[in-house]
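Worksheet: the structure to be examined is printed underneath.
The values are calculated or read from the model by the stated rules, or taken from the named source; none is laboratory data. The shown structure was predicted, so the numbers you read here are calculated from the model rather than taken from an experiment. No Cβ is skipped: glycine too gets one built from the backbone with ideal geometry, and neighbour counts run over all protein chains shown. Side chains included, ligands, DNA and RNA excluded: accessible areas come from the protein's heavy atoms. Shrake-Rupley method; radii C 1.70, N 1.55, O 1.52, S 1.80 Å.
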Amino acid sequence: MSDLVERLRAEGERRYHDKHRYHVLMHEGRLSREQLQQWVLNRYYYQTRIPIKDALIVSKSEDAAFRRMWLRRIRDHDGDAEGEGGLAMWLRLAEGVGLAREEVASCRSVLAGVRTACDSYVELVKSRSLVEAVASSLTEFFAPDLMTKRILAWEQHYPWVDPAMLAYFRSRVTRARKDSEEAIDFVVRHATTPELQQACVDALITKTGVLWRLLDAVYAAYVRPKLAPKAKLRHDRVANKMMLLYPEKGLVLNATAADTVQLCTGERTVREIVAELTAKYKQDAVTIEREVIALLASLAERGLVQESA
């Protein structure tokens, strides 16, 4: 395996969105029906961007053999006829979780943050060189394992979803593996300078950020964090600091973190908490949201915050 392949795998694996709290909750069976539905609805917008970015990649190539190879990806998603392909399978999944097909297909209910993240992927592909655009698709390295894990989790934890509706996930186990092999072969052959190799790594890192921001937006809109019973927010008068205490341990919180924890009552969504903090601190909402979600993830991993619907 070349050094470039190892770097791409390492950077992608470290940043892949399987580690996002929303996916953790999904795979542990802790999403509510509404939370699962909203992931399906919002993720569909990302699915619609895939054939568009693939068409842009095709348009960048002067090589007919490459174009023929890459066109298969567009057919995989759009199908050769109405009702075929990955997008049609995703709409059947949407029906399987109880959503109206027409509502999902219209994309009118997609969160603004999801739309912005997905559109930025199209812009990434449009603005970069062919080899960088291809490298950005290499999150497919990790898709087969994620899809396998997702199928098992849905069958175990969400039995109200007809297993036949999971056809898209099953199809991607083999197709994503083949797609990633073709893409990495192209990148290795064409990224021939250290500068271009770094640009390819950067493109992949940017793409992982797209997937992460998509989940951030859904998490912020549909999770209502609540402090766990074992955790208590207290003011240490001696040190003049806010502390989050739990059995035999404690965390020192800065002002923003303490305010965040105080707002974790189970009544507000993460997005509503961010709005209150933004108004109080007069800071950029995007930055505050990123910090709040990172804090909640850290606390949830310790069992100090419950992530309810």
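Within region 285-307, being touching a Ser or Thr at 6+ places or on another chain (Cβ under 8 Å) and not aliphatic (A, V, I, L, M) holds for one residue alone: Glu291. Taking first residues from region 169-194 that are aliphatic (A, V, I, L, M) and partners that are outside any helix (DSSP H, G or I), the Cβ contacts under 7 Å between residues at least 6 apart in sequence or on separate chains come to Val188/Ser2. Taking the numbered list (1) open to solvent by less than 50 Å² (accessible area, probe 1.4 Å); (2) among the basic types (Lys, Arg); (3) farther than 21 Å from Ala183 by Cβ in turn, Arg73 passes all entries but (3).
Screening Pro159 on (1) in contact with a Lys or Arg (Cβ under 8 Å, 6 or more places away or on another chain); (2) open to solvent by 40 Å² or more (accessible area, probe 1.4 Å) shows it passes everything except condition (1).
Among the residues of region 42-60, is there at least one that is among the basic types (Lys, Arg) and without any contact (Cβ under 8 Å) to a residue 40 or more places away in the chain? Don't jump to the end; show me each part of the working.
Residues of region 42-60 among the basic types (Lys, Arg): 43, 49, 53, 60.
Next cut, without any contact (Cβ under 8 Å) to a residue 40 or more places away in the chain only: none.
No, region 42-60 contains no residue that is among the basic types (Lys, Arg) and without any contact (Cβ under 8 Å) to a residue 40 or more places away in the chain.
On inspection, Arg43 fails the criterion of being of a type outside the set (Asp, Glu), assigned to a helix (DSSP H, G or I) and open to solvent by 70 Å² or more (accessible area, probe 1.4 Å).
Checking each residue in region 1-28 for being surrounded by 13 or more Cβ atoms within 10 Å (Cβ to Cβ) and in a loop (DSSP other than H, G, I, E, B) picks out Tyr16, His20.
Residues of region 167-183 that are open to solvent by less than 50 Å² (accessible area, probe 1.4 Å) and either under 22 Å from the mean Cα position of the chain (by Cα) or closer than 13 Å to Leu130 by Cα (or both): Ala167, Tyr168, Phe169, Ser171, Arg172, Val173, Ala176, Asp179, Ser180, Ala183.
In region 288-300 there is no residue matching the filter, namely being farther than 26 Å from Gln38 by Cβ and of a type outside the set (Val, Ile, Thr). If you go through region 23-58 and pick out every residue that is under 19 Å from Arg101 (Cβ atoms) and acidic (Asp, Glu), you end up with 1. Does Arg213 count as surrounded by fewer than 18 Cβ atoms within 10 Å (Cβ to Cβ) and basic (Lys, Arg)? Considered against the rule, which asks whether it is surrounded by fewer than 18 Cβ atoms within 10 Å (Cβ to Cβ) and basic (Lys, Arg), Arg213 comes out as no. In region 1-21, the residues that are in contact (Cβ under 8 Å) with a residue 40 or more places away in the chain reach residues that are of a type in the set (Lys, Arg) and in a helix (DSSP H, G or I) with C-beta atoms within less than 9 angstrom, at least six apart or across chains, in these pairs: Gly12/Lys207; Asp18/Lys149.
Show me the helices (runs of 4 or more DSSP H) entirely contained within region 84-156 in which 3 or more residues are surrounded by fewer than 21 Cβ atoms within 10 Å (Cβ to Cβ) and at pLDDT 95 or above. Walk me through it before giving the result.
On the way: elements: 85-96, 101-106, 112-127, 130-136.
Counting at least 3 such residues, we get 85-96, 101-106, 112-127.
Pick from region 263-287 the residues that are under 18 Å from the mean Cα position of the chain (by Cα) and within 24 Å of Arg33 (Cα to Cα): which of them is most open to solvent (accessible area, probe 1.4 Å)?
At the first step, the residues of region 263-287 found to be under 18 Å from the mean Cα position of the chain (by Cα) are 270-271, 286-287.
If we keep only those that are within 24 Å of Arg33 (Cα to Cα) as well, we get 270-271.
On the way: Val270: 0, Arg271: 127 Å².
My answer is Arg271.
Quick one: is Arg68 crowded, with 19+ Cβ neighbours inside 10 Å and of a type in the set (Lys, Arg)? Full working, then the answer.
Numbers: crowded, with 19+ Cβ neighbours inside 10 Å: no; of a type in the set (Lys, Arg): yes.
Against the criterion (crowded, with 19+ Cβ neighbours inside 10 Å and of a type in the set (Lys, Arg)), Arg68 does not qualify.
For beta carbons closer than 6 Å, sequence separation of 6+ or different chains, a first residue in region 131-144 that is in contact (Cβ under 8 Å) with a residue 60 or more places away in the chain and a second that is open to solvent by 10 Å² or more (accessible area, probe 1.4 Å) and outside any helix (DSSP H, G or I), the qualifying pairs are Phe142/Tyr16.
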